[in-house]
Amino acid sequence: MTVFFNTLSRFSRVFSSVLLILLLSFPALAQQESSKDMDTHETSSEEKFDAGEVIIHHVLDDHIWHFFDGHGGTLYLPVIVYSEEKGLDIFSSARFYDEHHNLVPYEGYTLEHNHIYLNGKQVFDLSITKNVAMLLINATLMVIVFLSVARAYKRNSGKAPKGLQSLIEPVIIFVRDEVVKPNIGHGYEKYMPYLLTLFFFILFGNILGLLPGAANLTGNIAVTFTLAFISFLVTNFSGNKAYWSHIFWTPGVPLPLRIVILPVEILGIFTKPISLMVRLFVAITAGHIVILSLIALTFIFQSYLVGIASSVVVLFINLIELLVAGIQAYVFTLFTSLYIGMATTDHDHH
């Protein structure tokens, strides 16, 4: 446990230093976002800064990934659509923009509020959007990190962990011994691969989302819904006879009360994953909105003093968000383990 806390301390110091450096680019990032949004509508020099549009642009998904103004500042992502009229069609999202970055139609396709239409009819969209690209980056990073840790574990078998292994291994042991094992109990081993993947996917996604220009991956309701839905399937397909009998025929309860308890128990099956989904979505999205709102104050008041004050506050908010990133990964994994444990535990009644 001492090794674990020492590792966390070192981990926090490294990320605090990185965040301090990266935060210097947040005001510039907000300025770039505001310039992009102004160019999308009118180029009038008197147009006011729209903080709400800048924040929403960052929080929501998009078919492009905008980093900064100027040549090469925008990454145009692949558009993959299917329609009965044209079948499968693949092209770059750059086709939807002219040289002034105004939206234009392309071969009958139009992009409106991040939805693609073909001759006025919505198509089946399988595009690589900003959040999908961020998800692939997150997954690739996880593969690289854990393959490296696995190789280090084989090389250092029976020895003290070194390098990246010394950072990741105590966290894995913490999740196993303090989260999964106490809540699931006997047979917890078969759920470890999923729960470790769940924990580190959320943790990496939360931390990467704090970087300037990054996508709001774990603050996307579709992503949190998918994670919660997988946990829902794992929990209920693992449910034993005692679990389902407690839901449909609660023992020790008078028959008239069972009529009342039954719909409550059935509703509880669905409220558990919904709570997982909403908790992660709200916590991460709220953090992004607060940070961008504070940065936007600089451009609303057009004051250096406000800019300095907001930057200092944003620094501390980011440090808090770094803590929230770990807490949310822990909480999601903890409650998933608890739900699986409730579904697999044998209940004895005397």
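Of all residues in region 295-309, those that are crowded, with 19+ Cβ neighbours inside 10 Å and modelled with pLDDT of 90 or more total 0. Candidates are the residues of region 51-69 that are at pLDDT 80 or above and part of a loop (DSSP other than H, G, I, E, B); the one that is most open to solvent (accessible area, probe 1.4 Å) is LEU60. Applying a threshold of 6 Å to beta carbon distances and a minimum spacing of six or more residues, or different chains, the list of pairs starting in region 168-191 at a residue that is under 16 Å from THR235 (Cα atoms) and ending at one that is open to solvent by 70 Å² or more (accessible area, probe 1.4 Å) and part of a helix (DSSP H, G or I) reads TYR188/LYS181. Each residue in region 315-342 was checked for being among the aliphatic types (A, V, I, L, M) and crowded, with 21+ Cβ neighbours inside 10 Å, and 3 pass. Given VAL290, VAL264, VAL260, VAL312, which one is closer than 28 Å to ASP61 by Cβ and part of a helix (DSSP H, G or I)? When all the criteria are applied, what remains is VAL290. With respect to being under 31 Å from the mean Cα position of the chain (by Cα), touching a residue at least 60 places away in the same chain (Cβ under 8 Å) and not in a helix (DSSP H, G or I), GLY307 falls outside the description.
Among the residues here, THR345 qualifies as over 27 Å from GLY209 (Cα atoms) and of a type in the set (Ser, Thr, Tyr).
Going by what's in this entry, would LEU198 be described as at pLDDT 95 or above and not hydroxyl-bearing (Ser, Thr, Tyr)? Here the answer is yes, as LEU198 does meet what is asked.
Filtering region 193-217 to residues that are among the aliphatic types (A, V, I, L, M) and crowded, with 16+ Cβ neighbours inside 10 Å leaves LEU195, LEU196, LEU198, ILE202, LEU203, ILE207, LEU208, LEU210, ALA214, ALA215, LEU217. Here LYS272 passes the criteria (1) open to solvent by less than 30 Å² (accessible area, probe 1.4 Å); (2) assigned to a helix (DSSP H, G or I); (3) touching a Phe, Trp or Tyr at 6+ places or on another chain (Cβ under 6 Å) except the one numbered (1).
Restricting region 218-244 to residues that are of a type in the set (Ser, Thr, Tyr) and either in contact (Cβ under 8 Å) with a residue 24 or more places away in the chain or surrounded by fewer than 13 Cβ atoms within 10 Å (Cβ to Cβ) (or both), the residue that is nearest to GLY287 (Cα to Cα) is THR218.
The values are calculated or read from the model by the stated rules, or taken from the named source; none is laboratory data. It should be emphasised that the depicted structure is a prediction, and the values quoted were computed from it without experimental measurement. All Cβ positions, even for glycine, are placed from backbone atoms using ideal geometry, and neighbour counts span all protein chains on display. Heads up: the accessible areas ignore ligands, DNA and RNA and are worked out on the full protein's heavy atoms, side chains in. Shrake-Rupley method; radii C 1.70, N 1.55, O 1.52, S 1.80 Å.
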